[in-house]
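Worksheet: one structure, shown below.
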Amino acid sequence: MVFVSSLAESQISSVQQKIRDTGLAEMVKILPFQPLAEIYPVIDIMVPPSRVEGFGSG
């Protein structure tokens, strides 16, 4: 599993620690942010984060 991230180094360290704590260090790699067009050809699933929901609450 690969995460492409633009998080600050301190935040990445925290995420990496959580990955180690859960025993997933061998299966998860975090890459620095880069143009996603370079990654699209090798991914199976993309999960983009969002800060707001595009659908109204009702």
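For Val4, which of the numbered conditions (1) touching a Leu at 6+ places or on another chain (Cβ under 7 Å); (2) in a loop (DSSP other than H, G, I, E, B) fails to hold? For Val4, the failing item is (2).
If you go through region 9-58 and keep only what is among the aliphatic types (A, V, I, L, M), part of a helix (DSSP H, G or I) and surrounded by 11 or more Cβ atoms within 10 Å (Cβ to Cβ), you end up with Ile12, Val15, Ile19, Leu36. Of all residue pairs spaced 6 or more apart or on separate chains, those with beta-carbon atoms under 9 Å, a first member in region 4-26 that is free of Cβ contacts under 8 Å to residues at least 40 places away in the same chain and more than 18 Å from Pro49 (Cβ to Cβ) and a second member that is among the aliphatic types (A, V, I, L, M) and assigned to a helix (DSSP H, G or I) are Ala25/Ile19.
With respect to the conditions (1) of a type outside the set (A, V, I, L, M, F, W, C); (2) surrounded by 10 or more Cβ atoms within 10 Å (Cβ to Cβ); (3) at pLDDT 85 or above, Ser5 lacks only one, and its number is (3).
The values are calculated or read from the model by the stated rules, or taken from the named source; none is laboratory data. Predicted, not measured: the structure shown is a model, and the values here were computed from it. Backbone-built Cβ (ideal geometry, glycine too); neighbour counts: all protein chains shown.
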